[in-house]
Amino acid sequence: MKSKVFFLALAVVLIAAACNKTSSTDTSSTQDTDTVTQNPTPTPVVTPSPAPTPSPSDSPLPSPNPTPAPTPTPSPVIITISSGGYSPSPITVKTGTKVIFQNNDSKGHWPASNPHPTHTDLPGFDALKAIPAGGSYSYTFTKVGTWAYHDHLNPSLGGKVIVQ
Ligand SMILES: [Cu+2]
C-alpha cells in the first residue's frame, strides 16, 4: 500500500515537472508566431456539426407497465354434497376461483348449470356424469355473474355461485 502511494506521488511529481518543461518551451515558440502577421486563411472553419443523431432512446421504451394488476389466483373453494344438498350455498367467489364439488354422500350426484336439463346458462359448468360417492368435480368460474346450478340426478337439489 505505502509503496503504491509513493509511486503515485512520484508519478504526479514527474508529470508536473514535465508539464512545466513543455510549457516553458511553448512560451518561447509562441513568441515566434507573432512576427508572421499575414493571416492568409480566412477561417474556413465550417463546423459540419456531425451530431444529427437525436436521442436514440426513442424506440426502446420497453416497459410501459407490463404488469397490469397482479391478480393473485384465488384459492379453491369446496362445496360439499350430502344427501341434504349442496353446502355452502349461495357462495360468493372471485373470478378465476376453482370450485370443487366434493361428494360426501353415499350416492352419486351431478352438479350442472341451470336450467335443467339443457345446462346452458353457463356452458362448461356441468359434471357431465354422476360424481361417485367420495369423488369430486371441479369447475373454475371465469365469468362474472350469479350462476344457479342443480343436481341433474335430483333437480330439486342445487345451489348458487356468485362470481364477482
Ligand atoms: Cu340438469
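The values are calculated or read from the model by the stated rules, or taken from the named source; none is laboratory data. Here the structure is a predicted model, which is why all the values come from computation and not from measurement. Glycine gets a Cβ as well: all are built from the backbone with ideal geometry, and neighbour counts include every protein chain shown.
Residues that are in contact with a Phe, Trp or Tyr (Cβ under 9 Å, 6 or more places away or on another chain) and either of a type in the set (Ser, Thr, Tyr) or closer than 11 Å to LEU122 by Cα (or both) within region 144-155 comprise TRP147, TYR149, listed in sequence order.
Yes/no per residue for (1) among the charged types (D, E, K, R); (2) within 16 Å of the ligand (Cβ to nearest atom); (3) at pLDDT 95 or above; (4) more than 15 Å from ASN154 (Cα to Cα):
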site	(1), (2), (3), (4)
PRO74	no, no, no, yes
GLY85	no, yes, yes, no
THR95	no, no, yes, yes
TRP110	no, yes, yes, no
SER113	no, yes, yes, no
HIS119	no, yes, yes, no
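Report the residue count in region 121-152 for those that are closer than 13 Å to ILE79 by Cβ, more than 16 Å from the ligand (Cβ to nearest atom) and in contact (Cβ under 8 Å) with a residue 40 or more places away in the chain. Number of matching residues: 2.
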